[in-house]
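Report on the following structure.
The values are calculated or read from the model by the stated rules, or taken from the named source; none is laboratory data. What you see is a predicted model; the values in this text were computed from it and never measured. Ideal geometry is used to build each Cβ from the backbone, glycine not excepted, and the neighbour counts take in all protein chains shown.
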Ligand SMILES: NC(=O)c1ccc[n+]([C@@H]2O[C@H](COP(=O)([O-])OP(=O)(O)OC[C@H]3O[C@@H](n4cnc5c(N)ncnc54)[C@H](O)[C@@H]3O)[C@@H](O)[C@H]2O)c1
């Protein structure tokens, strides 16, 4: 029989930074990586949330370092990078999970609101890549969090949809430039329950019923259901995957009726 060498789907002993990692999907990914044996920096603008999540990372056995960042400020991303390199001796994985949204209409949205969303959701992804790519070791992986809004028509989300479409295009562009040392991929989650949207997606609401009806799996996602895709893309098991967007939506986008 031919030789077969198995690459585990594992981030054990890898060193990760999760931007937007103190809430929602990013926090689940940070805690998931720590549970799988990685060392993790979870960062956002809030010192209190960084401290709270860092305690939880340490409780799972991860090394960490406590540092805040604002993705609209390149200098603060450089500080996170330097702090992670100092704490871990290098970085293997970067996840960009920061979020900003506006529910203004196409006609109604003004420059300030458009710029607020794209500055965090799209330019933020670019700044994260620019800050961390030079510091990533060979075999490095960048994972950007996109959304179904990048490819499905959704009302009242023009800036968010444009930003996420941009994130997916930027992911492919960065994959090409940073190959072969660093792979760049994205995850497009469907509808995921987080503390911020628990009310919007609460059982019995019209929105929840419409999602449950359309998704092939018949329900919204819990945030830990996004973690497996992040572990896969961050691990060596995806060593031949780059410039790709993995949809994790319970079959929502591909469902006809
Ligand atoms: N929840 C969903 O249903 C869903 C679906 C598809 C895509 N997404 C995407 O997943 C990602 C995470 O969203 P979430 O639902 O977990 O939201 P969330 O609000 O719980 O998390 C967003 C994180 O980004 C941080 N953040 C916001 N602005 C920042 C800034 N300027 N600098 C640094 N950090 C900043 C917040 O502090 C928070 O930690 C976002 O990119 C979002 O667009 C979410």
Quiz item: Restricting the first residue to segment 182-197 and requiring it to be modelled with pLDDT under 95, which pairs with a second residue that is in a loop (DSSP other than H, G, I, E, B) and near the ligand (Cβ under 7 Å from one of its atoms) meet a Cβ separation below 8 Å and a spacing of at least six or different chains?
Solution: 194/23; 195/23; 196/23
Self-check item: Complete set of residues in segment 168-220 that are within 25 Å of residue 242 (Cβ to Cβ), buried (at least 19 other Cβ atoms within 10 Å of the Cβ) and out of contact with any helix residue (DSSP H, G or I) (no Cβ under 9 Å at 6 or more places or on another chain)
Solution: 175
Quiz item: Going by the conditions given, is residue 122 surrounded by 18 or more Cβ atoms within 10 Å (Cβ to Cβ) and more than 14 Å from the ligand (Cβ to nearest atom)?
Solution: no
Quiz prompt | The listed residue being within 25 Å of residue 249 (Cα to Cα) and more than 11 Å from the ligand (Cβ to nearest atom), out of 91, 142, 109 | solution = 142
Quiz item: Is there a residue in segment 89-105 that is surrounded by fewer than 23 Cβ atoms within 10 Å (Cβ to Cβ) and in a helix (DSSP H, G or I)?
Solution: no
Exercise. Give just the number: which of (1) closer than 23 Å to residue 218 by Cα; (2) in contact (Cβ under 8 Å) with a residue 60 or more places away in the chain does residue 143 not satisfy?
Key: (1)
Quiz item: Within the set of pairs 6+ apart or on separate chains, which have a first residue in segment 45-72 that is modelled with pLDDT under 95, a second that is surrounded by fewer than 16 Cβ atoms within 10 Å (Cβ to Cβ) and assigned to a helix (DSSP H, G or I), and C-beta atoms under 6 Å apart?
Solution: none
Quiz item: Among the residues of segment 68-79 satisfying the criterion of being surrounded by 23 or more Cβ atoms within 10 Å (Cβ to Cβ) and farther than 13 Å from residue 134 by Cβ, which is farthest from the ligand (Cβ to nearest atom)?
Solution: 69
Practice problem: Quickly run through segment 1-30 and pick out the residues that are more than 23 Å from residue 122 (Cα to Cα), touching a residue at least 40 places away in the same chain (Cβ under 8 Å) and not in a strand (DSSP E or B). | Solution: 7, 8, 9, 10, 11, 14
Quiz prompt | Candidates 113, 86 - the one that is more than 20 Å from the chain's Cα centre (by Cα) and surrounded by 13 or more Cβ atoms within 10 Å (Cβ to Cβ) | solution = 113
Quiz item: Among the numbered criteria (1) under 29 Å from residue 174 (Cβ atoms); (2) more than 16 Å from the ligand (Cβ to nearest atom), which single criterion is violated by residue 218?
Solution: (1)
